[in-house]
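For reference, the structure discussed in these notes is given below.
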Amino acid sequence: MLGLKLPTDPRWVNIVEKNIEEILTDHAYCEQKATSTAISLIVSFPEYTELVQEMVKLVKEEISHFKMVHDKILDRGWVLGRDRKDDYVVQLVTFFPKGGSRTTQLVHRLLYAALIEARSCERFKLLSEELEDQELADFYKSLMVSEANHYTMFLNFARQYGNREEVDKKWQELLVFEAEIMKSLGNKETIHG
């Protein structure tokens, strides 16, 4: 369903289980960045009314997810650690050339967002199936559905605002590029790394 070209090695969950505090901190910041992305799309493309309406809903949902993760951290007696660079996203956003028309820029940002959500969904599914901590496994299962919905929403907006054939071609090329990035990741207790 997600179209990812390289699935995460299930052994990644073993890395995560050795440092649950780290994955929760990283996850909290992923939710915060997703909120920021939605706000940025509103600010950058206010003339796309349907997109703006959906991004307002997404801001509310993503910030509620941030709170849910933050509450998990606090429930375990920890505090939210500091944010760190997301190597996955840093590498991913180098794929499309900078510039182009506003529409092209929008489509590229939507495709990046769709892929980040797709990878998050895939990782959440793995956590829901493989974590020994049943509470966290159930938590990730509940979030997995949201991520899948976000992925399809962003991809559908890209197809709506761009030329469908061209968008689908770019999407396939981006998926191949992302698979190459993933070959060097999967060795840290982070959502994307």
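The values are calculated or read from the model by the stated rules, or taken from the named source; none is laboratory data. These numbers were taken from a predicted model, which means no experiment stands behind them. Neighbour counts are summed over all protein chains in view; Cβ atoms, including those assigned to glycine, are modelled from backbone coordinates with ideal geometry.
The table that follows gives values for the structure above.
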{"quantity": "Matching residues in the stretch 92-121 - criterion: being more than 15 Å from Glu173 (Cα to Cα) and not in a helix (DSSP H, G or I)", "calculated": "Lys98, Gly99, Gly100, Ser101"}
{"quantity": "Out of Asp168, Asp133, sole residue that is surrounded by fewer than 20 Cβ atoms within 10 Å (Cβ to Cβ) and within 20 Å of Asp9 (Cα to Cα)", "calculated": "Asp133"}
{"quantity": "Any hit, the stretch 31-47, residues being free of Cβ contacts under 8 Å to residues at least 24 places away in the same chain and outside any helix (DSSP H, G or I)", "calculated": "yes"}
{"quantity": "Pair list, Cβ < 8 Å and 6+ apart or interchain, from the stretch 66-80 residues that are without any contact (Cβ under 8 Å) to a residue 60 or more places away in the chain to residues that are among the small types (Gly, Ala, Ser) and surrounded by 12 or more Cβ atoms within 10 Å (Cβ to Cβ)", "calculated": "Phe66/Ala28; Val69/Ala28; His70/Ala28; Ile73/Ala28; Leu80/Ala28"}
{"quantity": "Residue count for the stretch 130-170, restricted to those that are closer than 19 Å to Arg119 by Cα, free of Cβ contacts under 8 Å to residues at least 12 places away in the same chain and not in a helix (DSSP H, G or I)", "calculated": "0"}
{"quantity": "When residues of the stretch 1-30 are limited to those that are of a type in the set (D, E, K, R) and assigned to a loop (DSSP other than H, G, I, E, B), the one nearest to Met68 (Cα to Cα)", "calculated": "Lys18"}
{"quantity": "Conditions (1) under 15 Å from Tyr112 (Cα atoms); (2) in a loop (DSSP other than H, G, I, E, B); number of the one not met by Lys188", "calculated": "(1)"}
{"quantity": "Filtered residue count, the stretch 111-129, keeping only those that are without any contact (Cβ under 8 Å) to a residue 40 or more places away in the chain and among the small types (Gly, Ala, Ser)", "calculated": "1"}
{"quantity": "Selection from the stretch 60-91 of residues that are assigned to a loop (DSSP other than H, G, I, E, B), at pLDDT 95 or above and touching a His at 6+ places or on another chain (Cβ under 8 Å)", "calculated": "Leu80"}
{"quantity": "Thr94 among the polar types (S, T, N, Q), at pLDDT 95 or above and buried (at least 16 other Cβ atoms within 10 Å of the Cβ)", "calculated": "no"}
